[in-house]
Each structure stands twice: as structure tokens, then as C-alpha cells.
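The block underneath contains the structure these notes are about, expressed in C-alpha cells.
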Amino acid sequence: SCLAQADKIDEIVEANMKAETINGIAVGICVDGELVEERVYGTANIETGTPVKPTTVFKIASMSKAFCATAAMMLIDEGKLSLEDNVLDILPTAPRQWKDIKIKHLISHTSGIPGAQGFNFSAQYTNQRFFDLFRSQDLMEVPGSTYRYNNFGYATLGLVVGKISGSTLREFVKERIFDKLGMDDTHFYDFRRIVPDRANGYNRGNGGYVNPNPLRPNVYDGSGGILTHLRDYAKWDAALRGESLISNRIKNQMWTRFTLNDGKRGSYGFGWFPNTVGGERVVYHGGATQGFTSHIIRGLESGVTVYVFRNGAGGSVMNLTRAVFA
């Protein structure tokens with residue numbers, strides 16, 4: 001397991017930083033839900049020269065999808081929602097051509113929802129305005145027929161969770177997950193908020209780093225948008241090793257590849273990619289957004305989790321996680 005190679009972690013990470021010109025990295029290793037290694041490298045903010053710390057807060061981008069999927073499955077476990085529910089029954093102002101899309105299609109990236117025409121990351125949207133971007137467009141394929149990674153499907157799933165819970169996705173996740181687990185420094189992105197120890201995040205520009213566009217619509221929360229640090233995220237991993245949030249039965253459903261209409265398996269479960277690494281069943285997920293990349297691998301048999309947060313955009317972070325996990 002990765003623990004035998006603890007002395008090699010620095011070597012692996014430093015090579016990755018050099019190869020991909022990444023400015024700062026945090027690596028966490030948990031065993032059976034306990035954070036046993038926290039390694040930090042480089043700077044969190046180039047302008048101030050602040051080093052990365054174990055409490056440096058990173059945007060984890062699409063690694064947030066696991067939280068949205070878990071929130072939906074908590075509602076399903078409580079009988080407030082069903083995988084077979086039609087999206088239009090819950091969100092009646094959504095486009096009529098979505099009539100055959102069910103919750104199971106949103107959560108498994110098989111909804112067929114097309115890209116939103118004219119979606120602007122620096123705008124804010126009501127549900128109505130968001131749905132208007134899709135009204136003139138047909139679905140890309142029949143719901144359930146094709147796996148196609150879909151941020152807009154997860155944005156819609158987040159709106160479903162908000163509607164069913166009577167609040168918003170961010171309020172539900174805060175109350176039912178972050179607060180319950182004591183993830184006190186973890187939250188959804190709000191560009192006005194003062195965030196202690198926040199990593200700045202950088203894109204590559206001509207000849208060096210540039211600051212990324214900071215805005216992000218709340219309607220997109222289901223797809224990404226969570227900020228966290230190594231120690232808070234370890235509490236989430238610990239919760240997934242037990243049944244404090246969701247039962248093993250539900251987790252097994254989330255960690256199994258979704259069955260498509262033709263009986264074949266898609267690539268995705270619910271909020272995670274199920275796979276094998278070195279003969280072990282794992283679930284993994286990456287994240288990429290303006291200024292940040294992230295990745296996690298969770299061993300379902302060994303109890304080992306490796307996750308990486310980087311405050312630099314682009315390049316491959318998955319190879320780094322796998323090298324540490326191996």
C-alpha cells in the first residue's frame with residue numbers, strides 16, 4: 001500500500017509540480033477514515049508568498065459531485081425522493097423535452113441534457129433563467145441510453161435536492177453533512193466571503209501564472225463549487241467508511257456502475273467512478289475549475305484513501321494520485 005512508500009511521496013509530488021508547473025499542492029492519506037499523512041508543498045498565494053498548510057482551503061471542483069449525489073441519496077433513503085421520479089414532476093418549469101428524464105439519469109450522467117447555450121460563469125441565474133437556456137434544444141440522446149459526463153445534469157440534481165428539502169442544496173449539505181461532521185471550514189463558493197487560509201488558484205497565462213475568473217453561479221452548485229482543506233475532507237472520508245450519513249446498502253448502489261437501457265454498464269455510479277486499481281475495487285473522482293485541479297481514489301477493501309488538491313489549472317492530477325496510492 002501507499003504507506004510503505006511514504007518517503008517517496010515527496011519525490012512523486014515534486015516531480016508532478018515541476019512537470020506541470022503547479023504552484024501548490026496538498027496531499028492527504030487516510031487509512032480507515034483516519035488522516036495518517038498530510039503533506040503540503042509550495043505556495044497557496046504567489047502574491048503574498050504564503051505557503052500551503054494542512055488547513056489551506058482549496059476549491060475541489062467536481063469532487064463536489066459526491067456531496068450532491070449523497071444528498072440526493074439521503075432523501076431517497078428517507079423516502080422523500082425516488083430514483084424513478086421524473087424531473088418534471090419536481091421541477092415543473094424545466095423544458096418539456098426533459099419529460100422522460102428521471103433522477104437516476106441525472107445522478108449517473110445519462111440524462112442526455114445538452115450543453116446550456118450561452119451559459120455564463122460570471123452571471124447568476126434563477127432556476128427559470130437557467131432552464132430557459134435549454135428550451136430550444138433537443139436532448140442529445142434518449143435518457144438512460146448513453147453515459148456522457150454532464151455538469152448541467154448535476155446542476156439540475158442540485159436544484160432537485162433543494163426543492164425536495166425545502167431549502168437549497170448548499171443549505172441542505174451544510175446542515176446534514178458539513179455541520180454534522182464538524183467540517184467547519186468547508187462551504188460552497190461565495191466570491192464575497194472572506195475565507196481564512198484560502199489558496200488563490202492559478203491558470204497558466206503567456207509566460208507565467210494569471211489569476212482566474214473568480215465568479216460561479218449558485219445554480220451550478222450540484223456540479224461543483226465546494227471549498228475545503230485536507231483535515232475537513234478527512235472527516236468526510238471517515239463518514240463514508242461508516243454509516244453515519246448513508247447506509248452500506250446505499251453506498252454500494254452509489255459505487256456500482258449504472259446499468260444503461262440496453263443492459264450494458266456505464267462508466268459512472270452515483271457521484272463516483274467505480275473501477276479497480278492494482279486488483280482492488282476503488283471509487284475515484286477528479287475535479288478541474290478555474291485555477292484548481294483535484295483528485296481522489298478510495299480503496300473499498302484496503303481502507304486507504306488518497307486525495308490531492310492543487311492550486312493550478314490544467315495537466316493530469318489523476319496520475320499523481322495513482323502513483324501515491326499504488
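With the charge dipole of the range 195-246 set up from +1 on Lys and Arg Cβ and -1 on Asp and Glu Cβ about the Cα centre, the Cα lying farthest toward the positive end among the listed residues Trp236, Val195, Asn213 is that of Asn213. Counting only the Cα atoms, the range 231-299 fills a convex hull of 127 Å³ per residue. Taking a sphere under 11 Å around the Cβ of Ile22 and counting the other residues whose Cβ falls inside, with K and R at +1 and D and E at -1, yields a net charge of +1.
Once you divide the Cα radius of gyration of the range 1-153 by 2.2 N^0.38 Å, the number left is 1.41. Taking max minus min of the alpha-carbon positions on each principal axis, the chain gives extents of 54, 42, 34 Å, largest first.
Could you list, bin by bin from short to long, the percent of Cα-Cα pairs of the range 283-326 in 10 Å steps? Computed distribution, short to long bins: 32, 51, 16, 2. Where a Cα-Cα gap under 17 Å defines reach, which aspartates and glutamates qualify for Lys18, not counting those fewer than 8 residues away within the same chain? Result set, ordered by chain and number: Asp10. Taking packing as the residue-averaged number of other Cβ atoms within 10 angstrom, the listed peptides 292-301, 270-279, 217-226 run from highest to lowest as 217-226, 292-301, 270-279. With the gyration tensor restricted to C-alpha atoms of the range 207-326, the semi-axes of the equivalent ellipsoid amount to 26, 18, 16 Å, longest first. Among Arg249, Arg135, Arg241, the largest mean-square fluctuation in a Gaussian network model of the chain (Cα springs under 10 Å) belongs to Arg249.
Here the accessible area of the range 242-326 is 48 percent carbon and sulfur, with a 1.4 angstrom probe and all protein chains present. If only the Cβ of Lys and Arg carry +1 and only the Cβ of Asp and Glu carry -1, the dipole of the chain around its Cα centre is close to 640 debye. Just to verify a number: FRET efficiency for Gln137 and Gln253, C-beta to C-beta distance, R0 = 30 Å, to 0.05? Taking R0 as 30 Å, the efficiency between Gln137 and Gln253 is 0.45.
Fully extending the segment from Leu83 to Thr146, taken as 0.36 nm per residue of separation minus the present Cα-Cα distance, adds 21.0 nm. Per residue, the accessible area of the chain comes to 41 Å² when a 1.4 Å probe rolls over the protein heavy atoms.
Between Gly266, Gly201, Gly315, the Gaussian network model of the chain with springs among Cα atoms under 10 angstrom shows the greatest mean-square fluctuation at Gly315.
Building the convex hull from the alpha-carbon atoms of the range 201-265 and averaging its projection over directions returns 8.4 nm².
Label separation (Glu175 vs Glu11): 5.1 nm, computed from points 7 Å beyond Cα along the C-beta direction. With R₀ fixed at 41 Å, the C-beta to C-beta distance from Ala326 to Lys264 puts the FRET efficiency at about 0.90.
The values are calculated or read from the model by the stated rules, or taken from the named source; none is laboratory data. All values reported here derive from a predicted model rather than from experimental measurement. Please note: Cβ atoms are built from the backbone with ideal geometry, for glycine as well, and neighbour counts cover all protein chains shown. What goes into the accessible areas is simple: the full protein's heavy atoms, side chains included, and nothing from ligands, DNA or RNA. Shrake-Rupley method; radii C 1.70, N 1.55, O 1.52, S 1.80 Å.
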